[in-house]
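This report refers to the structure that appears directly beneath it.
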């Protein structure tokens, strides 16, 4: 199933030990969502609710539109990623990225901010897409990927719900980090990307503040 393969792709890149399967938290029926969030969700949304505070419990659901999943089933990006399915791929990837990042940090008793969650998702879109495109077209460097992801996408103000500035900051930080990754990957010899993987895995495990200071030092 595509979300499992997507979870495995991201988990393999970052060497994550997450015991949960995204399908166990997946919701595709909008009517099953809490009434207070039902009307505002788009094609993807991670719904997080605080459970028993004494036990530190958190309830998590990942909503993905069933039509989106059906399209990905017909045009599987894991087989061929192209301009006809990349938007749906990034939507699903964002949801799986959010789920994995929250699950990994929760398993290490670490809080997660919305800025951090969105910034990591933007990095994951670039990284997972790069790895997939290189797998599908060995020897080709996808120079268009960063421009397509960061320069041609727009924030939907309705979905942003007044947090446009936060999303712009998250995208700006991610773009600066991915610009560095692009240079490193371009300089690396084909199949010799161990140093880039090491940097990605360190970055994933940084705190929110350390991630931002790391990116700011790259300027």
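The values are calculated or read from the model by the stated rules, or taken from the named source; none is laboratory data. These numbers were taken from a predicted model, which means no experiment stands behind them. Every residue, glycine as well, gets a Cβ built from its backbone with ideal geometry; the counts of neighbours run over all protein chains shown.
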Among residues of the stretch 40-96 being touching a strand residue (DSSP E or B) at 6+ places or on another chain (Cβ under 8 Å) and part of a loop (DSSP other than H, G, I, E, B), the residue modelled with the lowest pLDDT is 51
Within the stretch 1-39, residues in a helix (DSSP H, G or I), touching a strand residue (DSSP E or B) at 6+ places or on another chain (Cβ under 8 Å) and within 23 Å of residue 79 (Cα to Cα) come out as 3, 22
